[in-house]
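All of the numbers you see were taken from the coordinates with simple rules; none came from a lab. Just so it is clear, the model here is predicted, and its values are computed rather than measured. Backbone-built Cβ (ideal geometry, glycine too); neighbour counts: all protein chains shown.
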């Protein structure tokens, strides 16, 4: 996949997208915030040019109603070189992704100057909110190299004057700014490297023109659209398609249209003040490698010394850069608050410090609820947030609950996170002020624990959508190494923190007085592997828990309840009356102090060190309905 | 040898490009038979086909195509 051309930060369109288009088009009701949010949501996939054309029709229909909710209207005039008629609907179709509703008025083919000079031209008489001037190096007569510097300068000046004339003639009819594109240079060098320094080369003349355009922007209220930068990033060889130019005067390859349309729309959103303002960061495996609760300060990977550590340093560096230009930083992590803050306070390689974070939400609540809390605490709209998280489960939960939060897809390689986040363009700026740069400082560093909102998210319906399959089997030879690893490595979701050697684990496979469980979980995003290990000591009347641990990565999925149901079923079948659970406190397992309480056990005894004994009377236990399929298997005996 | 392309595969693409689930292309069908099939949507059709089958047509090849049958043959020749 080409990250830029395929808009890699966006999800791939779902298989049923045409059905969704159809049902949205057939909706007879008045538009409201629900239908507008649905329009924003469907535009938030990486749509191709056909799908964008479809959305543009939905947008056109939507524009007929005067009702306004979360979408901002903008009328864009489009004056450019070549055939713009395939590009116009793509721009309109990309608008809802950036919460805008666009009307695009095209100028007549090849008549840029006439469109600007005549007050009754289609663009001028539409009284647009802005006009995009998208002229091509060929129309500006910079496609032929010239021999001497004076002639070159003359050509550049002529091209610049041409742009100025068009711009100044359009201005009286505009309600807003001009959007001026930098010109994309051709990619066929006449000399080779010398094209960069020979001022008469096509490439040098285009570069000189772009410098003058940038200067011009700096002095006024017009807005720069750096198409040259975009083409550079995606590669001129991907951008230019001479065959398409010759066949239909397409100014750039049609495959680039979705990317180009997105650039235009993010610029318009920025003009309307809708660029995002806050970057919310997950912690584990997003700004450092590993899980701080399990790996500890010494175990997380950050800094020089490993490729992975360096990649996460670069991510933190990028976050700080954003902060220095006025983007507010926040943290949203599933972690104990004190443990989550440790790296910020004590890790020598951390670039981010607590004072850089304006809102710090580290708890075991779902992330959508935490994002709502952050939005409240910072007093900024939920639509101002960008959420960066390596875990597709968390990303999808947030998208489902809060479709207005921007959640980029991330590749597996963290070294690419900065590239994906910056190219998604959430923080596009059309102007930068001194106030902007100081904004992040206005938020007091939040040293105290933020108030956690009670979860208001519809987790169960989300969980049901994940097609979770939970497989439970007794300990066996196949799982032995991984079981031993989990037993010795898990610290947080670990009720007793008892450590056993692999030999001791092997012995449990055949011990008649041990009830053992290895639990695996598969979901829509993939196979999570073995995520929980549970062992009960069997006696005639009661089974007592020896080990109960789980990977924090699957918190909130109700796996613990599935485990309990499994144990209860087995215990009841053997005539057992009760289950006994022990909580043995450690430095790291505070999060499971009330684990048994949540599962319906009764507190039987407490000790001074915080430890507790809990009891469940099996005749009072009823298994709950769970949002997953549970498969119980016999062990896979290794002969 | 190359793979076979079916009219069903092309139908799927055409329905997407022309946004019409009722189109039932036959080998004799031409642009005149489909209201949404103009010079611009023709470009989208060619580009969509190129992307779907990972092939490239030259302009000269595109200019020779008269009907859906020609299109199917042209695609198959590239697979």
- Note on the structure: A student applying the Cα gyration tensor rule (rounded when a/c is under 1.5; otherwise prolate if a/b is larger than b/c, oblate if not) would label the stretch A:27-115 prolate
- What is the antiparallel percent of DSSP beta bridges lying wholly in the protein assembly as shown, to the nearest 5? 45 percent
- Answer rounded, prolate or oblate for the stretch A:152-279, using the Cα gyration tensor with square roots of eigenvalues a ≥ b ≥ c: rounded when a/c is under 1.5, else prolate when a/b is larger than b/c, else oblate. oblate
- Note on the structure: With -39,500 (n - 2.57) per DSSP H segment of 4 or more residues and division by the full residue count of the protein assembly as shown, the 222 nm estimate, nearest 500 deg cm²/dmol, is -12000 deg cm²/dmol
- Query: Nearest-5 percent of antiparallel DSSP beta bridges in the stretch A:278-457?
  - Reply: 5 percent
- Note on the structure: Shape call for the stretch A:473-595, from the Cα gyration tensor axes a ≥ b ≥ c (a/c under 1.5 means rounded, otherwise prolate when a/b beats b/c, else oblate), comes out rounded
- Just report the Cα centroid separation between the stretch A:203-228 and the stretch A:540-554, whole Å. 65 Å
- Calculated diffusion of the protein assembly as shown, Stokes-Einstein form, Kirkwood radius summed over Cα pairs, 4 °C and 1.567 mPa s, µm²/s: 44 µm²/s
- Message: Rg/Rh for the stretch A:524-639 to two decimals, with Rh computed the Kirkwood way over all alpha-carbon pairs.
- Response: 0.97
- Task: Note down the nm distance, to one decimal, between modelled labels 7 Å out along Cα→Cβ at residue A:30 and at residue B:50.
- Result: 4.8 nm
- Note on the structure: Rounded to the nearest 10, the angle in degrees between the Cα long axis of helix B:68-78 and the longest principal axis of the Cα atoms of chain B comes to 30 degrees
- Item | Net lengthening on full extension, residue A:65/residue A:606 (0.36 nm per residue, minus Cα-Cα) | 188.3 nm
- Message: How would B:12, A:435 line up from fewest to most surrounding beta-carbon atoms within 10 angstrom?
- Response: A:435, B:12
- What average number of partner chain Cβ atoms lie no more than 10 Å from the Cβ of the residues making up A:49-56? 3
- Task: Please find the FRET efficiency linking residue B:63 to residue A:237, where r is the Cβ-Cβ separation and R0 is fixed at 25 Å, and quote it to the nearest 0.05.
- Result: 0.55
- Query: Using Cα atoms only, what is the angle between the long axis of helix A:149-170 and the major principal axis of chain A, expressed in degrees (0 to 90) to the nearest 10?
  - Reply: 80 degrees
- Which of B:20, B:54 has the fewest Cβ neighbours within 10 Å, and the rest in rising order: B:54, B:20
- Please state, to two decimals, what the Cα-based radius of gyration of the stretch A:278-457 comes to when divided by 2.2 N^0.38 Å (N = residues). 0.96
- Residue span residue A:337 to residue A:355: 0.36 nm per residue of separation minus Cα-Cα distance leaves a gain in nm of 4.9 nm
- Item | Computed label-point distance, nm, for sites residue A:22 and residue A:629 using a 7 Å Cα→Cβ extension | 2.7 nm
- Note on the structure: Mean other chain Cβ within 10 Å across A:12-22 is 1
- Task: Mind checking A:254-260 for the average number of partner chain beta-carbons within 10 Å of each residue's beta-carbon?
- Result: 2
- Query: Hey, got the Cα dimensions of chain B along the principal axes, in Å, largest first?
  - Reply: 35, 24, 22
- Message: Cα atoms only: what Rg and Dmax, in Å, come out for the stretch A:17-271?
- Response: 19.2, 66
- Task: Order by neighbour count: A:513, A:476, fewest other Cβ atoms within 10 Å first, most last.
- Result: A:513, A:476
- Multiply the residue separation of residue A:218 and residue A:464 by 0.36 nm, subtract the distance between their alpha-carbon atoms, and state the gained length in nm to one decimal. 83.3 nm
- Query: With axes computed from alpha carbons, what is the tilt in degrees of helix A:33-43 against the longest principal axis of chain A, rounded to the nearest 10 within 0 to 90?
  - Reply: 80 degrees
